[in-house]
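The values are calculated or read from the model by the stated rules, or taken from the named source; none is laboratory data. Note that this is a predicted model, so its numbers are computed, not measured. Using ideal geometry, Cβ is built from the backbone for each residue, glycine included, and neighbour counts are taken over all protein chains shown.
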């Protein structure tokens, strides 16, 4: 009774508690998340049940017709496969490159600091500009890289024009652009490992390889899991670099799911309803991959403890 009377006299008493006040600090982020994530998701699903176009001249309800059409659309299935193919190539390569660079540059000295800055520069550059630069460097007519091949007496590969090489080239370009983020996160995790663990291992005669696999990797599993999860989600939404460098070609071999969604919704015949259905399907696939990966990583973290 006394506590209730105090709360009546002081309405802010409820928010003075630490666990209650935390919600006030979370409120702005939750509002942004709701307005720019939840609302668009719900709107996308609603639009996917109609035949709406970008001009809003048609708004007829068609039910799940757009979703059934997705499974009959060969180009949609191929774009999803190309997205998975890109993800399978790009994510492991970026994690490996980022991890190796993090291990190599984990010690703090002037040279390592310089290398960290250099490797992080592509991260702050526009992905569109990087795709344009790579398109020029790898162009078989004016590119510097094909020119070096010809000077060495070799046939210059058609990087972005070869149906077989186009997607791996885009994956390598993406890794070059983004591995600085992975490197920084993993390097911070490595620097947080207690030096006493390595000292004990050295006293026991452990090699560098043994210290890496038995100390470094287990200790950075949470950070490694975060990098894998974010890279998977980002790779499944690949668009900019493909749109600028190849436009989905050659022969639609690099057309990704997001690019196909864009082409259905924002180019003729402007099928916004069908594009929304494709977006909903992609969201479900990404959600399944993300949740499964997160559960697997969480289980691994528990096993490492």
Apart from one, (1) in a helix (DSSP H, G or I); (2) touching a helix residue (DSSP H, G or I) at 6+ places or on another chain (Cβ under 8 Å) all hold for residue 106; the odd one out is (1)
Residues being surrounded by fewer than 17 Cβ atoms within 10 Å (Cβ to Cβ) and either closer than 16 Å to residue 65 by Cβ or touching a strand residue (DSSP E or B) at 6+ places or on another chain (Cβ under 8 Å) (or both): count how many of those fall in region 262-294. 1
Quick check, is residue 56 assigned to a loop (DSSP other than H, G, I, E, B) and either at pLDDT 95 or above or exposed (fewer than 12 other Cβ atoms within 10 Å of the Cβ) (or both)? yes
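Within region 111-136, which residues are without any contact (Cβ under 8 Å) to a residue 24 or more places away in the chain and assigned to a helix (DSSP H, G or I)?
The initial filter retains those residues of region 111-136 that are without any contact (Cβ under 8 Å) to a residue 24 or more places away in the chain, namely 111-115, 117-118, 124, 126, 129, 133, 136.
111, 112, 113, 114, 115, 117, 118, 124, 129, 133, 136 - these are the residues of region 111-136 that are without any contact (Cβ under 8 Å) to a residue 24 or more places away in the chain and assigned to a helix (DSSP H, G or I).
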Tell me, yes or no, whether region 239-250 has at least one residue that is over 30 Å from residue 140 (Cβ atoms) and assigned to a helix (DSSP H, G or I). no
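Within region 192-225, how many residues are in a helix (DSSP H, G or I) and closer than 30 Å to residue 291 by Cα?
Applying the first criterion (in a helix (DSSP H, G or I)) to region 192-225 yields 195-203, 208-219, 221-225.
Adding the requirement that they be closer than 30 Å to residue 291 by Cα leaves 212-219, 221-225.
Result for region 192-225: 13.
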Exactly one of 228, 261 is in a helix (DSSP H, G or I), touching a residue at least 12 places away in the same chain (Cβ under 8 Å) and under 13 Å from the mean Cα position of the chain (by Cα), and that one is 228
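Answer yes or no: is there a residue in region 74-89 that is under 14 Å from residue 181 (Cα atoms), in contact with a helix residue (DSSP H, G or I) (Cβ under 8 Å, 6 or more places away or on another chain), part of a helix (DSSP H, G or I) and in contact (Cβ under 8 Å) with a residue 40 or more places away in the chain. Don't jump to the end; show me each part of the working.
Keep residues of region 74-89 that are under 14 Å from residue 181 (Cα atoms), which gives none.
No, region 74-89 has no match at all.
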